[in-house]
Amino acid sequence: MTDSDTPLRAALRDAQASVEDGAVPQFDRVWAAANARTRVLRRQRRVVVGSVAAAAVAAIAFGLLVPRGVELQFIDADELLGTTSWTAPSDGLLPDHQFDIYQEIPVLIESTETYGGTLL
């Protein structure tokens with residue numbers, strides 16, 4: 001055992017002795033104290049929830065008071081529609097365009113024989 005363990009052992013022995021000598025509180029007292037703490041916590045939660053609800057109602061009411069045309073007065077719909085374009089989300093996954101087989105069919109060299117067909 002080291003020197004620092006001796007005071008710790010003495011403090012632990014004193015703490016255990018004081019707990020064993022003390023009277024255990026009655027169940028009714030402990031239950032009443034727990035109920036009182038619960039009532040205080042519930043009251044605090046009600047106040048917080050009420051304040052948040054009042055702030056939300058005030059924010060919604062303030063949002064409804066703003067005239068509707070104000071936010072659109074600086075936006076020109078024709079210009080907005082003319083400068084936007086749409087592409088499919090999968091276009092980023094496809095390889096780069098090289099040729100369109102439906103529009104740019106490669107020229108096939110034909111045989112010089114009458115019924116020979118194309119040369120591959």
In segment 15-34, anything open to solvent by 60 Å² or more (accessible area, probe 1.4 Å) and assigned to a helix (DSSP H, G or I) is listed as Gln16, Ser18, Val19, Glu20, Asp21, Phe27, Asp28, Arg29, Val30, Trp31
Members of segment 35-74 found to be open to solvent by less than 60 Å² (accessible area, probe 1.4 Å) and at pLDDT below 75, listed by number: Gly69
Sort out which residues of segment 1-11 are modelled with pLDDT of 85 or more and open to solvent by less than 100 Å² (accessible area, probe 1.4 Å), and write them in order of number. Asp5, Thr6, Pro7, Ala10, Ala11
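The values are calculated or read from the model by the stated rules, or taken from the named source; none is laboratory data. This one's a predicted model, so the numbers in the text were calculated from it and none came from an experiment. These accessible areas exclude ligands, DNA and RNA; they are computed on the full protein's heavy atoms, side chains included. Shrake-Rupley method; radii C 1.70, N 1.55, O 1.52, S 1.80 Å.
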